[in-house]
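The values are calculated or read from the model by the stated rules, or taken from the named source; none is laboratory data. On a predicted model such as this, the values are computed, not experimentally measured, just so you know. Note that we place each Cβ from the backbone using ideal geometry, even for glycine, and neighbour counts take in every protein chain shown.
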């Protein structure tokens, strides 16, 4: 019985066959998405459960097309980074419960498949102790922080995302085995960014008819006002425009490299369209931190090409740079008046308020510099305004928030983990393969973008907005092992 089950799982988890074409995969995905959206429209039910039903119809069609249940769930995991969709059956007035998210379901499915492959001895885990041990220790400490927390139920709620952070890293670190796995990741990222960017653009163009109030969000919160001028912000499925900007910045460096023409024509076209849509959506988030982060990651990528060894191997990309600059200029010009307003007009003390939030975070850190106040308990530790039932806003800095919730040692450990990811990514630059170089530089750009953008946005290891960081870090570790094995 055991041999039968493991044999069936192995058949389901086979990789792409050699005659799979990206173009036909694009058609299958787009047809499935269109079919799901038609059902969503015809249902007339304003509920996120309808969207979940539509997604559940799309997923089997996608899995049947690629003939790999393992890669189908891996694609679902990547897509889930762009969608904050979860439910909480244990929520009550006395307890915030434990969330069940789309990302969590994908992670559980991937580990179940991996378990059967281990039983069948078709896969062996790689431990990478220099990264896995410190990240595992940080995850464990985030759970144990309930011992010092003001409200332990908040710790259990956010610990789910902390555990996902570790599990996503470890799975990604063991994912890359072949060149086709890298191409698969690039295609999935391109599909996801294209979908998320398309949603954001439609929100800007049709703010009243293309809204997502069925997700429980208020459209009014997605607008900026400057002396009577209302600017609608793209938000996608992430609940806030700044979160969408961070997500886009994580993947745009990878897309711009693969759009330069190192891959097959269909993949190149897909990445180019996805990159163009992503740039427009990034502009429409009107996130100043997002714009600054993209500029930083772009200069970082250009810096790599100043190195003679890399520029000689990726000479086609060098010739592609003027065209990229022209495309960026053409995409940004139509929105230049709004960009000027965002950068120059009164922002109602939004920047000044973040300085106040940072000072509050420093005060909390001084109170408990070693243990912190407990995962997810930051807003409970901030003094509330008199006669206000709302929790105060969090500090817009992931490093300060981690230090406040888990202590300064945990923040230092988190920074050390990010630097270790970067070191593994830089080590892959020794490869002579063009597709490996582009993949590595793209991941480095995404990692630096998240870490830099994190200085302006709220979040911590127990926040879903940082889950792409663990996935990118895991891919960096896996890519280095892949390069070593090819030698």
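Key figures for this structure:
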{"item": "Filter result for the condition that a residue is surrounded by fewer than 17 Cβ atoms within 10 Å (Cβ to Cβ), in a helix (DSSP H, G or I) and either at pLDDT below 90 or touching a strand residue (DSSP E or B) at 6+ places or on another chain (Cβ under 8 Å) (or both), over 380, 391", "result": "380"}
{"item": "Any chance residue 78 is assigned to a loop (DSSP other than H, G, I, E, B), buried (at least 16 other Cβ atoms within 10 Å of the Cβ) and in contact with a helix residue (DSSP H, G or I) (Cβ under 7 Å, 6 or more places away or on another chain)", "result": "no"}
{"item": "Odd one out for residue 187, checked against (1) modelled with pLDDT of 80 or more; (2) in a helix (DSSP H, G or I); (3) over 29 Å from residue 364 (Cβ atoms); (4) touching a helix residue (DSSP H, G or I) at 6+ places or on another chain (Cβ under 6 Å)", "result": "(4)"}
{"item": "Flag if residue 448 is outside any loop (DSSP other than H, G, I, E, B) and surrounded by fewer than 24 Cβ atoms within 10 Å (Cβ to Cβ)", "result": "yes"}
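Yes/no per residue for (1) touching a strand residue (DSSP E or B) at 6+ places or on another chain (Cβ under 9 Å); (2) at pLDDT 65 or above; (3) not in a helix (DSSP H, G or I):
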site	(1), (2), (3)
191	no, yes, no
196	yes, yes, no
202	no, yes, no
211	no, no, yes
221	no, no, no
242	no, yes, no
248	no, yes, no
254	no, yes, no
